[in-house]
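Where a number appears in this text, it was derived from the coordinates with a stated rule and is not lab data. These numbers were taken from a predicted model, which means no experiment stands behind them. Positions of Cβ are backbone-derived with ideal geometry, glycine not excepted, and every protein chain shown enters the neighbour counts.
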Amino acid sequence: LNKKQEAQKIENALKKTLEEGLVTPDLGGKLGTMEMAEEIAMRLEE
């Protein structure tokens, strides 16, 4: 799709979220899938 900058932003937002331990139960956390998606989306805006 040739959207390297956009892909990098998504990867960075996901990485920050994971590093902060904001994950779903299958990854050892307590967030629901919507909550995790919202956390990732907030980091996209940073």
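Brief remarks follow.
- The range 32-45 residues that are at negative phi and among the β-branched types (Val, Ile, Thr), paired with ones that are surrounded by 11 or more Cβ atoms within 10 Å (Cβ to Cβ) and in a helix (DSSP H, G or I) (beta carbon under 6 Å, 6 or more apart): 40/13; 40/14; 40/17
Residue-by-condition table, conditions (1) within 10 Å of the chain's Cα centre (by Cα); (2) surrounded by fewer than 10 Cβ atoms within 10 Å (Cβ to Cβ); (3) not small (Gly, Ala, Ser):
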| site | (1), (2), (3) |
| --- | --- |
| 5 | no, yes, yes |
| 8 | no, no, yes |
| 11 | yes, no, yes |
| 34 | no, yes, yes |
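- Scanning the range 11-35 for residues that are touching a helix residue (DSSP H, G or I) at 6+ places or on another chain (Cβ under 7 Å) and either part of a helix (DSSP H, G or I) or of a type in the set (Ser, Thr, Tyr) (or both) returns 13, 14, 16, 17, 24.
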